[in-house]
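See below for the structure under consideration.
The values are calculated or read from the model by the stated rules, or taken from the named source; none is laboratory data. Note that the structure is predicted; figures quoted are calculated from it, not measured. We place every Cβ from the backbone using ideal geometry, glycine too, and count neighbours over all the protein chains shown. Areas reflect the complete protein model, heavy atoms only, side chains present, ligands, DNA and RNA absent. Shrake-Rupley method; radii C 1.70, N 1.55, O 1.52, S 1.80 Å.
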Amino acid sequence: MPSAIPQQYSALVREAETFLAAGRRDDAERALAEIVRLNPREHLAWSLLASLALHRGEADLALAHAQRAHELDRRNAAYLNLLAVVQAEAGQLDRAEATARRALREQPTYAEAHYNLGKVLEKRGDLAAARRAYERAIALDPRYPGARGNYALLLQRLGELEQAVDVLQAALADDPTDTHDLVLFGKALMGARGHDAAIALYEAAAQRMPESAMLRRALAHALLAAGDWRRGWQAYLGRDALGQRVRTELPAPLPERLDSVRVMLLSEQGLGDALFFLRFALPLARRGARLSLRAPVKLTGILRATGHFDEVIAESGRGADQRAGPIPAELVLHLGDLPYLLGSDRPEPAFPLKVRAELAAAWRDRLGQLGPGPYVGVTWRAGTDFRRGPEFGRNMQALSKEIELPALGGALGRAPGTLVSLQRQPGLDETRELSALAGRPVHDLSEANDDLEAALALVSVLDEYVAVSNTNVHLRAGAGRTSRVLVPFPPEWRWMVQGEESAWFSGSRVYRQSASRDWAPALAALAADLAEHA
């Protein structure tokens, strides 16, 4: 080997270490890739490359790198632990559990491996074993990042609310500025001691840390769920969905008249959020404004058909409209800012959507071929599947809403007519499992979700729709139809803290999971309502 190579190799190692310490991941990855090119047996570099790929959400690449590191040093507990994490990220839960246990055989006091084993066991549904793994991790290292937060969430799933509060209090005693644990603490307080306790916590924390968009968002959601519209919309200005810093000054409210003012509205979150906040576009139009909209490409067709906008432009990305220069507008406003800017102090009705008659007729024919009416649609999961899905490289603001199939199946069994699934990307055999639990066929119509015009037409002709909150609930509301909405605890803010209806979705019945995570009373009510009204 030329003498220059060892010097180059040493320089690359120092360079990679410097980049990693500075958080310059792309630069570090380039240096590490050159290291393994010069020395393919450099197992530490392979493990670091695996970690970088993992945090980007590239599970397959991370798996290849982690396996390489392990092959080069097979008894290294750190490499086994990393491999277990990557296997779990790739959905290989059986292998991940076995690998994490191998890491613990090599190093029984390895707190991180106990914690990661707990996460795998929780994803597999073995909550008792997951609890033991979390408790062992915390006993070995009480301050291990994330351990007490995950443990507290598991305790809430088990209905042990006060113990979850105690765990998070201990975590915050060590670090009172941990905003993630503060948000979790508020949710734990909400279950154990009520909504007012959570609001008080978030208000005090937001005053101490006014720069934290995460806390401002949590406070806004808590206030809005309680129906405190004015303060809630003001706090919502500080949300972090846009990646902006928390506003240091409040924007000026909009004038009462905006005659002929051209306003460009910007969507900012998911499809359901865009549809929800569009209900504030019509009050803006009533002030005389001329509206244009930049929206997700999947929404552009149904929104253009409403006739409420001069133009609807697809957001940047696949299917986007290619335009040179800025869109001409006198005001550019984010949809989520509209309630505050309009001085809203009450809920607005859903934004009206137009259903294509030919699509609705086609769905009626399709449903008639499946069985007799009434036709009951069902969706049991929405948002990001945190328990089974990837943890890395995802949108941290995404919501997760779910009801377990065994809980839901019995209630659906009492509904007359024909059951159809609108579940987007159902898991392997989930539809078949729900059919067995309901004691009758559940027909899979999930392909409707690929085209929102088709989805809108389908939900508009269903006699009933039983679902956790999702885009189709917003579509159905826009079509003037009501839903039966299953609301996990803690409730998403638009479904409010209590009541059989939400002020935002008049006529839609809400079925609430209890703070102890019990669905039984809510599902008994659902079964009775379906039997009576369907």
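Table for the structure above
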read-out	value
Residue within the stretch 154-175 that is charged (D, E, K, R) and under 30 Å from Gln234 (Cβ atoms) present	yes
The stretch 144-155 - residue that is within 20 Å of the chain's Cα centre (by Cα) and not in a loop (DSSP other than H, G, I, E, B) and, of those, surrounded by the most Cβ atoms within 10 Å (Cβ to Cβ)	Ala152
All strands (runs of 3 or more DSSP E) inside the stretch 415-488 with 2 or more residues being touching a residue at least 40 places away in the same chain (Cβ under 8 Å) and over 25 Å from Trp504 (Cβ atoms)	418-421, 442-444
Selected residue (criterion: nearest to Ala438 (Cα to Cα)) from residues of the stretch 493-514 that are part of a loop (DSSP other than H, G, I, E, B) and open to solvent by less than 30 Å² (accessible area, probe 1.4 Å)	Gln513
Given (1) open to solvent by less than 10 Å² (accessible area, probe 1.4 Å); (2) closer than 26 Å to Pro372 by Cα; (3) aliphatic (A, V, I, L, M), number of the condition Val487 does not satisfy	(2)
Within the stretch 276-288, considering residues that are open to solvent by 10 Å² or more (accessible area, probe 1.4 Å) and among the aliphatic types (A, V, I, L, M), the one farthest from Phe505 (Cα to Cα)	Ala285
Residue ID - nearest to Gln513 (Cα to Cα), chosen from residues in the stretch 448-478 that are touching a helix residue (DSSP H, G or I) at 6+ places or on another chain (Cβ under 8 Å) and among the β-branched types (Val, Ile, Thr)	Val466
Filtered residues of the stretch 112-124 (kept if open to solvent by 50 Å² or more (accessible area, probe 1.4 Å) and in a helix (DSSP H, G or I))	Glu112
Residue that is nearest to Val473 (Cα to Cα) [pool: residues in the stretch 289-310 that are open to solvent by 10 Å² or more (accessible area, probe 1.4 Å) and in a strand (DSSP E or B)]	Arg294
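Residue by residue, here is whether (1) closer than 26 Å to Leu54 by Cα; (2) surrounded by 22 or more Cβ atoms within 10 Å (Cβ to Cβ); (3) in contact with a Phe, Trp or Tyr (Cβ under 8 Å, 6 or more places away or on another chain) holds:
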residue: Ala90; (1), (2), (3): yes, no, no
residue: Ala103; (1), (2), (3): yes, yes, yes
residue: Asp126; (1), (2), (3): yes, no, no
residue: Ala139; (1), (2), (3): no, no, no
residue: Pro142; (1), (2), (3): yes, no, no
residue: Asp166; (1), (2), (3): no, no, no
residue: Leu172; (1), (2), (3): no, no, yes
